[in-house]
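Working notes, beginning with the structure itself.
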Amino acid sequence: MVTDTGMVNAFVEGAAELDAATAAMIADRKKLLGPAYRLFYQRPVHFVRGEGAWLYDPEGNAYLDAYNNVTSIGHCHPKVVEAVSRQMATLTTNTRYLHDSVLRYADRLLATMPEGIGHFMFTCTGSDANDLAVRIAQSYTGGQGIIVTETAYHGITQTVAAFSPSLGENVPLGAHVRTVPAPDSYRSATGDVGAEFAAGVQAAIRDLQRHGIKPALFICDGIFSSDGVFDGPAGFLKGAVEAIRVAGGIYIADEVQSGFGRTGDAMWGFQRHGVVPDLVTMGKPMGNGYPVAGVAGRPEVLAEFGRKARYFNTFGGNAVAAEAAMAVLEAIQSEGLVENARETGRYLKDGIQALASLHPCIGDVRGAGLFLGVEIVSDRVAKTPDAAMTTRIVNGLRDERVLISACAKAANVLKIRPPLIFTRDQADILVERLDRVLSRCA
Ligand SMILES: Cc1ncc(COP(=O)(O)O)c(C=O)c1O
């Protein structure tokens, strides 16, 4: 029996008729990969090639990718392909040998960070980065307590899954973990999202202390992607960050989703809020498909950990990873992709906003840059979440060959996250097909 793992937009066997080839591939996955994997969509998709914002199935059909945040500068970006191939053909070493790639990259990456963030450590995945960040935070603060938002996702290691409530009820949260309501601008009771969010963090701090647990850290995803995409008002993080610091803990900015220009205002999501983190974790888009991730931080926060524990990560910071990451950063900066995320993101948001006057199920359109959330409701006045309609829209778009997904505690927010190279023409295609799907689903 398959239990509900809380995953939004997961393929459910029997929910839709499948063609023979898809059914056979799904059966093989089950046989070979075991029971833990989940696919997207009622009719899962099979891709054999990608280019820019497009993915192609075995028959050569093109799908517009408005979802994947790994190949954030476009599928098979030539600069990354060239850098990885060149370095792979030259040398792959690890951080126990001197090599200049990691140094050049760390230097260039740290130049994008606010003053005070002075070191960078390489990992392989976002989970790996968050796991390391927690070890550093607990070593620095002497505390154990962790505060996250109530539908947060931060990764898959034992430590990190214990503070990733979106993994569902079957994955237990740690006894040292407290959750706080997401900064929900759509349903805010007072209109002051920042004060409400800070009050939630303060309550969590008090509860940890009451149970004899010293707070170590507050961690949040800069765009609250699994919570439902909450971007504003800019600055709302300030009170929460202040609260954790007053309690002796640190603030970790998880930039796995919001980093590398995604939100269009700046390179990093936290910059929209005018806060400087103690640690910053990143991954996914960092290598545009090559696995590379890491933790940036204040030297004084890293000092104690570095004194007590040595750090070696076999593949983290290998020369190929560093070259892939360098090519991505170079492309983001030289091709004006942060600006494009801002401009095309605004254009796309306006286009979707215009659909709201035609389709009453659109309750709210929000997001920053090229990370948008569209809240689907059955009643605009009561703001009643409509998960069933959301599923129909996501799958309807998939049938129109546009890829998006969904998120939020009530599984009713369309998650739209095209590559940073997205064009206005591609935004038009998305809006036009979304309009068609919304009419059909109504
Ligand atoms: C906000 C956030 N943090 C961390 C992770 C974990 O990253 P990875 O899958 O590379 O381990 C994810 C992955 O989806 C994420 O969205």
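Tabulated data
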{"read-out": "Separation of the Met88 and Met7 label points, Cα + 7 Å toward Cβ, nm", "value": "2.7 nm"}
{"read-out": "Note, ³J(HN,Hα) from phi for the range 119-128, Karplus 6.51, -1.76, 1.60, rounded to Hz, x at Gly and Pro", "value": "10, 9, 10, 8, 10, 9, 9, x, 4, 4"}
{"read-out": "Highest-fluctuation residue, Cys220, Cys76, Cys407 considered, GNM on the chain with Cα pairs under 10 Å", "value": "Cys76"}
{"read-out": "Label point distance in nm, Arg424-Asp19, each placed 7 Å from Cα along Cα→Cβ", "value": "3.6 nm"}
{"read-out": "Antiparallel bridge percentage (DSSP; both residues within the range 78-334; nearest 5)", "value": "35 percent"}
{"read-out": "Debye, to nearest 20: dipole size of the range 78-334, +1 on Lys, Arg Cβ, -1 on Asp, Glu Cβ", "value": "600 debye"}
{"read-out": "Cα-based Kirkwood hydrodynamic radius, the range 78-334, one decimal, Å", "value": "18.5 Å"}
{"read-out": "Cβ charges +1 (Lys, Arg) and -1 (Asp, Glu), total dipole of the range 1-120, debye", "value": "420 debye"}
{"read-out": "Low-density loop cleavage sites - GluC sites (Glu not before Pro) in the range 8-53, where at most 14 other Cβ are within 10 Å (DSSP)", "value": "Glu13, Glu17"}
{"read-out": "Protection-proxy order for peptides 357-366, 63-72, 177-186, each taking the mean of Cβ atoms within 10 Å per residue, highest first", "value": "63-72, 177-186, 357-366"}
{"read-out": "Distance histogram in 5 Å bins (all Cα pairs of the range 137-278, percent per bin)", "value": "2, 11, 20, 25, 22, 14, 5, 1, 0"}
{"read-out": "Dipole magnitude of the range 61-161, debye to nearest 20 (Cβ charges: Lys/Arg +1, Asp/Glu -1, about Cα centre)", "value": "280 debye"}
{"read-out": "Accessible area per residue, Å², the chain with all protein chains present, probe 1.4 Å", "value": "42 Å²"}
{"read-out": "Rg followed by Dmax, in Å, when the chain is reduced to its Cα trace", "value": "21.4, 62"}
{"read-out": "Projected label distance in nm at Ala266 and Val48, using a 7 Å step from Cα toward the beta-carbon", "value": "4.6 nm"}
{"read-out": "Debye-sum result for the range 215-345 in log10 I(q)/I(0), which assumes one identical scatterer on each alpha carbon, at q = 0.19, 0.21 Å⁻¹", "value": "-1.17, -1.31"}
{"read-out": "Separation of alpha-carbon centers, the range 246-281 and the range 101-160, rounded to whole Å", "value": "11 Å"}
{"read-out": "Karplus-derived HN-Hα couplings along the range 349-363 (A = 6.51, B = -1.76, C = 1.60, θ = phi - 60°), whole Hz, x at Gly and Pro", "value": "4, 4, x, 6, 4, 5, 5, 4, 6, 9, 10, x, 6, 7, x"}
{"read-out": "Qualifying GluC sites (Glu not before Pro) for the range 91-169 [loop in DSSP, other Cβ within 10 Å: at most 10]", "value": "Glu115"}
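The values are calculated or read from the model by the stated rules, or taken from the named source; none is laboratory data. These numbers were taken from a predicted model, which means no experiment stands behind them. Every residue, glycine among them, receives a Cβ derived from its backbone with ideal geometry; neighbour counts consider all protein chains shown. Heavy atoms of the whole protein, side chains included, go into the accessibility calculation; ligands, DNA and RNA do not. Shrake-Rupley method; radii C 1.70, N 1.55, O 1.52, S 1.80 Å.
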